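For reference, the structure is listed below as structure tokens.
The values are calculated or read from the model by the stated rules, or taken from the named source; none is laboratory data. Values in this document were obtained by computation on a predicted structure and should not be read as measured data. As a convention, Cβ positions derive from the backbone with ideal geometry for all residues, glycine included, and neighbour counts pool all protein chains shown.
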């Protein structure tokens, strides 16, 4: 008896990705039309190039969708174990992005580095925390002080006067 694949099939992944990109393309096209996608007296309007990029992305997405529908259902893309490994990186990274407006880039990055080092790297918490804080401080000095690039800051940076 054949073993049943448990996870996401290749066809499902390809169709899902094609639909996702088609949705992004539709949003780009709609936004470009809202701001003006035509040509004015002094050249292209603000939405001209985004409109055409969106249209190209939509065409590519539809091409991918048609191709994906021809993929046999039995082909596997990722097992549950593989998806779990992806989630172990994707979920903390998404939480870091979600926390950024509240705690800033540097604090959220220090927490993310600490999490990854302890959870996935099996480092001791003090070592991981020291590394996370050190990386955040170096990044702060490089971007905020040396290059004068303003990145999202939280209450700690504001308390320090930045």
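Miscellaneous remarks
- Of residues in region 60-80 being touching a residue at least 12 places away in the same chain (Cβ under 8 Å), exposed (fewer than 14 other Cβ atoms within 10 Å of the Cβ) and part of a helix (DSSP H, G or I), the one nearest to the chain's Cα centre (by Cα): 80
- The lone exception for residue 80 - which of (1) closer than 21 Å to residue 12 by Cα; (2) out of contact with any strand residue (DSSP E or B) (no Cβ under 6 Å at 6 or more places or on another chain); (3) not assigned by TED's automatic domain parsing to the domain that holds residue 115 it fails: (2)
- Boolean, residue 93 is surrounded by 11 or more Cβ atoms within 10 Å (Cβ to Cβ), free of Cβ contacts under 8 Å to residues at least 60 places away in the same chain, out of contact with any helix residue (DSSP H, G or I) (no Cβ under 8 Å at 6 or more places or on another chain) and in a helix (DSSP H, G or I): no
- Criterion violated by residue 50 - all others in (1) free of Cβ contacts under 8 Å to residues at least 40 places away in the same chain; (2) exposed (fewer than 12 other Cβ atoms within 10 Å of the Cβ); (3) within 26 Å of residue 27 (Cβ to Cβ) satisfied: (2)
- Meets criteria (part of a helix (DSSP H, G or I), in contact with a helix residue (DSSP H, G or I) (Cβ under 8 Å, 6 or more places away or on another chain) and at pLDDT 95 or above) for residue 113: yes
- Of all the residues in region 144-156, those that are over 25 Å from the mean Cα position of the chain (by Cα) and surrounded by 13 or more Cβ atoms within 10 Å (Cβ to Cβ) number 1.
- Flag for residue 36 being under 30 Å from residue 136 (Cβ atoms) and either assigned by TED's automatic domain parsing to the domain that holds residue 116 or surrounded by 14 or more Cβ atoms within 10 Å (Cβ to Cβ) (or both): no
- Residue 26 vs. criteria at pLDDT below 95, surrounded by 11 or more Cβ atoms within 10 Å (Cβ to Cβ) and in contact with a helix residue (DSSP H, G or I) (Cβ under 8 Å, 6 or more places away or on another chain): no
- Total residues in region 41-59, condition out of contact with any helix residue (DSSP H, G or I) (no Cβ under 6 Å at 6 or more places or on another chain) and assigned to a loop (DSSP other than H, G, I, E, B): 3
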